[in-house]
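This report concerns only the one structure given below.
Read-outs: derived from the displayed coordinates by stated rules, not from any lab. The structure displayed is predicted, hence computed values, not measured ones. Here the Cβ is made from the backbone with ideal geometry for all residues, glycine too, and neighbour counts use every protein chain on show.
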Amino acid sequence: MRIAIILLLLSVAANLGFAVTDPSWWMIPAALAGWYGADMLSGMVHMLMDYFPARLGVGLDRIYFYQGSRVSEEYQGMFRASMKQLNPFERLVYDFKNHHPRPHALGRRTMLRQIGSTIVAGSLPVSLLLNAACLIWPVPGWFIAGALSLLIGGTFAQYFHGTLHRDDNPWIINAMRKAGLLMTPAAHQLHHDTLRRDFATNCGWSNALLNPIFAFAYKRAWLRDEGLEPQG
């Protein structure tokens, strides 16, 4: 993971270097468009994870609805036994469902745990591809700016989600909220109130588009309530 993070930082720095060689005012709208795209991706992933059925027969329902202490040996043993049977995607699906009844559990997780899989599976490969494109073709600076905005927003999407469920956040998170670049906990609460709207968790700009998309999919039973919680 450390190697992946270092490679990502070097790759992003190289892309910034390519961008500054071709500056233009178009970088600003391109960066905003990239931020919007990252917000939409956060919402689409959130929608899928919330409603994608968890795997049956591995005890996920028992740990999800467990009533005792979650630091007890009994719970920890059940949790480890269930997680061993899941692949990385299935663990993500469970994590998204698990934070609904216990939202602050997401906020207590470290940044690395929240964004590590995104870096390895998405951010690093995409950034390296952008490096390669810049070396092969004369990629416009505005395009690189938009791509980097999308890349950064996508990388930190789950971390931004976690800050919505935590009271104590770094100053930059509060500053970005004041600037409208990140959504507020009050705005995100609209999602938790119904689980049928406002799935985007970065800035929320794309929810106006995603809400009717969800309504369409839900009406046609492509997304079902049974997927919201692990079944027995």
Spin-label proximity, E229 to the range 74-107 - amide N less than 19 Å from point 7 Å beyond Cα toward beta carbon: 79, 93-106
Ascending count of other beta-carbon atoms within 10 Å, so fewest first, for M27, M78, M1: M1, M78, M27
Rg/Rg_ref, the range 159-216, where Rg_ref = 2.2 N^0.38 Å and atoms are Cα: 1.14
Euclidean distance between Cα centres, the range 1-55 to the range 85-148, Å: 8
Whole-number percent relative contact order across the chain, with pairs defined as alpha carbons under 8 Å at least 6 apart: 40
Cα radius of gyration and Dmax for the range 54-97 (Å): 10.0, 27
Taking D95, D193, D50 and counting other C-beta atoms within 10 Å, the order from fewest to most: D193, D95, D50
Straight-distance crosslink candidates among lysines, where the alpha carbon sits under 26 Å from K219 and sequence neighbours closer than 8 are dropped: K97
